[in-house]
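Student: The following block contains the structure, expressed as structure tokens.
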Amino acid sequence: MTYFCPVCWKEIKGHDKVCPHCGADISEHENKGFEEKLINALNHPERETVQRAVYILGRLKSVKAVKHLFVLFKQTDNTFLKLEVLNTLNEIGVPEGKEFLMKVIDSDVGIIKRMAKELINSGGIYKAS
Ligand SMILES: [Zn+2]
């Protein structure tokens with residue numbers, strides 16, 4: 001099992017009491033509500049943190065995050081963040097994610113269009129968690 005600091009979202013060891021990256025006291029954060037904290041981090045002011053949260057939600061296959069990821073995709077102007085969201089929706093693998101990718105194919109941004117097509121053609125979105 002992989003652990004992440006609930007403050008900076010970098011990877012940590014399960015037995016760490018203090019985050020070696022940002023020095024946050026991890027012992028006061030319990031794993032309970034971890035997914036909610038990650039979803040909250042999607043509104044974090046630093047794009048790097050948002051991007052990391054998106055990535056981790058994909059690894060956790062967080063079905064709860066899907067509707068928040070749709071919102072994030074629509075709100076952000078950042079192409080790389082949009083691509084990360086598409087990857088994560090693919091990773092989570094729910095049917096709504098596939099429908100979303102289908103719609104994104106009509107995007108007027110070439111790289112996003114291509115990525116959505118690739119993800120659909122790879123069949124990855126059908127994978128059940
Ligand atoms: Zn940290």
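The values are calculated or read from the model by the stated rules, or taken from the named source; none is laboratory data. Quick caveat, the model's predicted, so the values are computed rather than measured. Note that each Cβ is placed from the backbone with ideal geometry, even for glycine, and that neighbours are counted across all protein chains shown. Only protein heavy atoms, including side chains, enter the accessible area calculation; ligands, DNA and RNA are left aside. Shrake-Rupley method; radii C 1.70, N 1.55, O 1.52, S 1.80 Å.
Student: Among the residues of the stretch 106-120, count how many are touching a residue at least 12 places away in the same chain (Cβ under 8 Å) and more than 19 Å from F80 (Cβ to Cβ). Give the derivation first.
Tutor: Initial filter on the stretch 106-120 (touching a residue at least 12 places away in the same chain (Cβ under 8 Å)): 109, 111-112, 115-117, 119-120.
Filter once more, so that each one left must be more than 19 Å from F80 (Cβ to Cβ): 120.
Number of matching residues: 1.
Student: Is it true that A24 is within 16 Å of the ligand (Cβ to nearest atom), on the phi < 0 side of the Ramachandran plot and modelled with pLDDT under 90? Even if it seems obvious, please write down each step before you answer.
Tutor: Numbers: within 16 Å of the ligand (Cβ to nearest atom): yes; on the phi < 0 side of the Ramachandran plot: yes; modelled with pLDDT under 90: yes.
For A24, the condition - within 16 Å of the ligand (Cβ to nearest atom), on the phi < 0 side of the Ramachandran plot and modelled with pLDDT under 90 - is met.
Student: Being open to solvent by 70 Å² or more (accessible area, probe 1.4 Å) and basic (K, R), is that true of even one residue in the stretch 69-76?
Tutor: Checked against the condition, which is being open to solvent by 70 Å² or more (accessible area, probe 1.4 Å) and basic (K, R), the stretch 69-76 yields at least one hit.
Student: Mind checking which residues of the stretch 85-107 are in a helix (DSSP H, G or I) and in contact with a Gly (Cβ under 8 Å, 6 or more places away or on another chain)?
Tutor: Going through the stretch 85-107, the residues in a helix (DSSP H, G or I) turn out to be 85-92, 95-104.
Result: N87, T88, L89, N90, E91, I92.
Student: Taking the stretch 27-43 on its own, how many of its residues are open to solvent by less than 80 Å² (accessible area, probe 1.4 Å), part of a loop (DSSP other than H, G, I, E, B) and at pLDDT below 90? Before the answer, list the steps.
Tutor: Start the filter on the stretch 27-43 by keeping residues that are open to solvent by less than 80 Å² (accessible area, probe 1.4 Å), which leaves 27, 29, 33-35, 37-39, 41-42.
From what is left, the residues that are part of a loop (DSSP other than H, G, I, E, B) are 27, 29, 33, 42.
This time we only want the ones that are at pLDDT below 90, so: 27, 29, 33.
Here the count works out to 3.
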